[in-house]
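Heads up, the thing below is written out as structure tokens.
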Amino acid sequence: MDHSLLMAVLLLSPLVGFLINGVRYKQPTANLSGGIATAAVVVSFLSSLFLVIDLVGMPAETRKIQISFFEWIMVGKFKVNASFYLDQISAIMILVITGVGSLIHLFSIGYMHHDKGVTKYFSYLNLFIFNMLILVLGDSLVTMFVGWEGVGLCSYLLIGFWFNDKDKAAAGMKAFITNRIGDAAFLIGMFVLFATFGTLNIQEMNSLAPTMVEASWFGALTLGTLLLFIGATGKSAQIPLYVWLPDAMAGPTPVSALIHAATMVTAGVYMIVRLNPLFIMAPNTMMVISLIGALTAVLAASIGITQWDIKKILAYSTISQLGYMFLAVGVGAFGAGMFHLMTHAFFKALMFLGSGSVIHAMHEEQDIRKMGALKKYLPVTHLTFFVGWLAIIGVPPFAGFFSKDEILWMSFHSPLGSPALWALGVLGASMTAFYMTRLMCLTFWGKSRVSKSVHPHESPALMTVPLIILAILSLVGGWIGIPEVIGESLGHLPNVLGEWLLPVIRPIPNLIEADHGQEWGLMGVSLGFASISAFISYRFYVKSPEIPEKIANSIKPFHSLVSKKYLVDEFYFKVIIDPLVCFSKRLWLYIDVNFVDKTTYIISDIVKGGGGIVRALQTGNLQQYAMYIAIGLVIALSIIIMK
């Protein structure tokens with residue numbers, strides 16, 4: 001089939017779904033509006049599948065599909081076409097976005113069935129998918145930025161979907177403003193790169209990337225990539241701009257699954273992988289990325305240990321897992337970063353939708369202290385969530401094990417990595433095993449703490465079928481990128497994903513051959529720590545539930561600090577937001593009210609007074625006019641005579 005037609009269908013199908021449901025947004029017809037929205041994304045998924053199949057059939061060195069629809073911007077030497085580019089990197093993204101996105105849409109039909117604004121909800125979901133596809137397929141940073149801003153707008157609409165609730169509306173606003181801070185840096189980064197390369201076309205910039213690393217902190221490449229990374233910290237919730245993501249739980253749960261798993265938050269990682277030839281030549285930027293990623297992984301995991309809201313625990317795990325992805329790309333392991341992005345999409349979508357099934361069964365209850373022993377009431381949800389749990393804590397052979405282990409190994413082995421980064425990664429993995437096991441114990445296992453007024457029940461098939469499909473992907477999805485050391489021991493199984501990405505990933509400079517003995521040893525250490533951590537958590541929250549409380553009381557000040565998220569939000573309010581609001585109010589009072597307004601009033605009074613004088617001359621009285629003429633004549637003659 002014609003590639004232009006497939007690309008157009010891929011992009012426009014969700015937009016058509018948005019328009020249809022957007023026109024009839026007041027209709028509370030969940031099945032019809034959900035069916036339209038889901039069908040729109042499924043059509044995009046099928047188009048993606050056909051395009052990727054054609055891509056696979058091409059020779060590796062020429063594997064790309066570029067479609068240009070029209071000339072968009074032309075100002076002097078600056079030209080941007082409405083062009084879209086499919087290669088090995090964007091192929092993974094479109095399959096994940098439309099594939100996982102379809103399942104989330106399907107789940108939403110059951111989850112949002114009773115919501116009055118369900119049609120508007122589905123129109124927003126479709127618009128989100130459309131913008132994400134623009135972001136990943138755009139062949140220039142300008143086109144990517146259009147999608148970048150589009151998903152930011154949609155996240156605002158969806159997080160604050162129940163805007164009658166002030167807290168939920170504020171959460172949407174918080175996400176919007178925090179992202180704008182990062183976006184400003186992204187824009188400046190684009191200006192720097194355009195000034196350096198004379199183009200913002202991604203392929204052209206990659207081909208113009210220097211062959212020698214830029215050692216200076218103030219070089220154009222380092223500066224430009226650092227600014228782009230700041231943009232990524234906003235979109236992908238890294239230190240210091242991660243604070244919007246936990247609050248984003250205010251939106252409907254499938255929205256959380258969509259934002260956290262398949263779309264928006266992975267945009268920063270994707271952008272860096274897309275521009276990997278530029279980033280790999282800026283080692284200072286890479287060092288910042290890997291350090292921020294590792295610290296974010298540990299910080300978010302530590303907060304996750306103390307949270308009680310099932311969705312917020314998953315939110316902090318998303319921030320932590322994104323930290324791993326940035327750690328990977330920061331040490332030059334771009335393929336490992338994309339691998340974890342893909343596996344994370346499977347098991348995190350599964351866990352968020354699973355939490356939605358739990359919340360649905362618990363009549364909107366989200367506090368895990370009021371749950372327990374739900375295993376017998378929600379067998380499908382429990383089993384699929386169980387698979388997601390094994391995947392995220394990195395138990396072999398589940399998907400998360402392969403991708404996380406690859407990241408940990410490269411953080412140690414890469415010349416851009418270090419034992420300290422590896423240690424931080426192992427610490428984060430151990431914490432993840434602890435708090436995710438805690439979540440399982442308090443939700444599905446142990447003694448029931450469910451109120452007698454609540455009667456949990458399994459979700460309908462519309463909600464459980466997506467869970468089952470995602471559970472299967474979480475189980476088998478990792479085998480596509482099986483690390484070399486494991487593949488060899490299992491009869492030389494190929495790393496399909498690694499070979500697929502090889503032509504579009506620039507190799508890490510000075511990378512030496514791996515020592516398989518060392519790699520097995522490090523794998524054993526990280527797996528051992530995670531297993532011990534999970535076992536301790538199980539003992540604490542199922543066998544001896546009094547111990548966690550005793551420990552929390554013994555370290556009460558520190559525990560309180562962590563449970564309050566290290567008071568980061570309070571710090572931002574005290575140091576940045578409140579002073580800024582105070583300064584803005586003073587600007588309004590002294591500049592706007594006392595200067596601009598008063599100046600305007602004075603000028604208007606002068607004009608009004610002058611007009612009054614002139615108006616007094618126009619009375620309509622002919623005798624007065626004759627007198628004015630006579631006086632004027634006398635004055636004029638007097639001047640002539642005096643001369």
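Any idea of Glu149's accessible area? Nearest 10 Å², probe 1.4 Å.
Rounded to the nearest 10, that gives 60 Å².
Can you give the Rg and Dmax of the stretch 120-264 based on its C-alpha atoms, in angstrom?
Over the stretch 120-264's Cα set, Rg and Dmax evaluate to 16.6, 55 Å.
Run the Debye formula on the Cα coordinates of the stretch 225-360, all scatterers equal and no solvent, and tell me log10 I(q)/I(0) at q = 0.19 1/Å.
-0.98
Give me the mean projected area, in nm² to one decimal, of the convex hull enclosing the Cα positions of the stretch 559-616.
4.9 nm²
Could you give the alpha-carbon Rg of the stretch 3-92 over 2.2 N^0.38 Å, rounded to two decimals?
1.37
Over the stretch 349-469, what is the mean sequence separation of C-alpha contacts under 8 Å (at least six apart), divided by residue count, expressed as relative contact order in percent?
Dividing the mean separation by the residue count of the stretch 349-469 yields 45 percent.
In 10 Å bins starting at 0, how do the alpha-carbon pair distances of the stretch 42-194 split up by percent?
So the P(r) values, bin by bin, are 10, 30, 33, 21, 6, 0.
Between the stretch 404-457 and the stretch 89-120, how far is it from one alpha carbon centroid to the other, in angstrom?
Cα centroid of the stretch 404-457 versus Cα centroid of the stretch 89-120: 26 Å apart.
Over the chain, what is the relative contact order in whole percent, taking alpha-carbon pairs under 8 Å and six or more residues apart?
11 percent
Counting each pair of different Cα atoms once, what's the Kirkwood radius of the stretch 436-499 in Å, rounded to one decimal?
Computed over the stretch 436-499, the radius equals 15.6 Å.
Can you check what the Kirkwood hydrodynamic radius comes to for the stretch 304-365, Cα pairs only, in Å to one decimal?
Radius from the Kirkwood sum: 12.7 Å.
Past 22 Å, Cα to Cα: identify those pairs from Lys370/Lys447; Lys452/Lys550; Lys120/Lys235; Lys26/Lys311; Lys168/Lys376; Lys168/Lys311, in the order given.
Too far apart for the 22 Å limit: Lys452/Lys550; Lys120/Lys235; Lys26/Lys311; Lys168/Lys376.
What number, rounded to the nearest 500 deg cm²/dmol, is the helix-based mean residue ellipticity at 222 nm of the chain, given -39500 (n - 2.57) per DSSP H run of at least four residues and division by all its residues?
Using -39500 (n - 2.57) per qualifying helix, the result is -22500 deg cm²/dmol.
If one puts a single equal scatterer on every Cα of the stretch 358-469 and applies the Debye formula without solvent, what log₁₀ I(q)/I(0) results at q = 0.10, 0.13, 0.14 Å⁻¹?
For the stretch 358-469 at q = 0.10, 0.13, 0.14 Å⁻¹, log10 I(q)/I(0) is -0.40, -0.60, -0.67.
Report the full-extension gain for the segment Ser448 to Val581: residue separation times 0.36 nm, less the Cα-Cα distance, to one decimal in nm.
Once the chain is fully extended between Ser448 and Val581, it gains 43.2 nm.
Provide the gained length on full extension for the span Ser207 to Ser554, in nm with one decimal, where the gain is 0.36 nm per separating residue minus the Cα-Cα distance.
Here the segment from Ser207 to Ser554 would lengthen by 119.1 nm.
Largest first and in whole Å, give the semi-axes of the stretch 168-219's equivalent ellipsoid, each being the square root of 5 times a Cα gyration tensor eigenvalue.
Equivalent-ellipsoid dimensions as semi-axes: 32, 13, 9 Å.
Which Rg and Dmax, in Å, describe the Cα atoms of the stretch 451-550?
21.2, 64
With Rg and the Kirkwood Rh both taken from Cα atoms, where does Rg over Rh land for the stretch 280-412?
Rounded to two decimals, Rg over Rh is 1.04.
Is the stretch 34-86 rounded, prolate or oblate when judged by the Cα gyration tensor, a ≥ b ≥ c being the square roots of its eigenvalues, rounded requiring a/c under 1.5 and prolate requiring a/b larger than b/c?
Verdict is oblate for the stretch 34-86.
Ratio of the stretch 40-129's C-alpha Rg to 2.2 N^0.38 Å, to two decimals?
Ratio of Cα Rg to 2.2 N^0.38 Å: 1.42.
Over the stretch 88-226, with the other protein chains present, what is the accessible area per residue in square angstrom, probe 1.4 angstrom?
Accessible surface, normalised per residue, equals 35 Å².
Between Ile73 and Phe191, what is the spin-label point distance in nm, taking each point 7 Å from the Cα along the Cα→C-beta axis?
Each label point is offset 7 Å from its Cα along the Cβ direction, giving 1.3 nm.
For labels at Ala514 and His3 in the simple 7 Å Cα→Cβ model, what's the distance in nm?
For Ala514 paired with His3, the spin-label model returns 3.2 nm.
Starting from the exponent 0.38 and prefactor 2.2 Å, build the expected Rg for the stretch 508-643 from its residue count and divide its actual Cα Rg by it.
2.99
Please compute, for the alpha-carbon atoms of the stretch 517-566, the extent along each of the three principal axes and give them in descending order in Å.
43, 29, 15
How much of the accessible area of the chain, probe 1.4 Å, is carbon plus sulfur, in whole percent?
70 percent
The values are calculated or read from the model by the stated rules, or taken from the named source; none is laboratory data. Since the structure is predicted, the reported quantities are computational estimates derived from the model, not experimental observations. Positions of Cβ are backbone-derived with ideal geometry, glycine not excepted, and every protein chain shown enters the neighbour counts. Ligands, DNA and RNA are stripped out before the accessible areas are found, and what is left, the full protein with its side chains, is counted by its heavy atoms. Shrake-Rupley method; radii C 1.70, N 1.55, O 1.52, S 1.80 Å.
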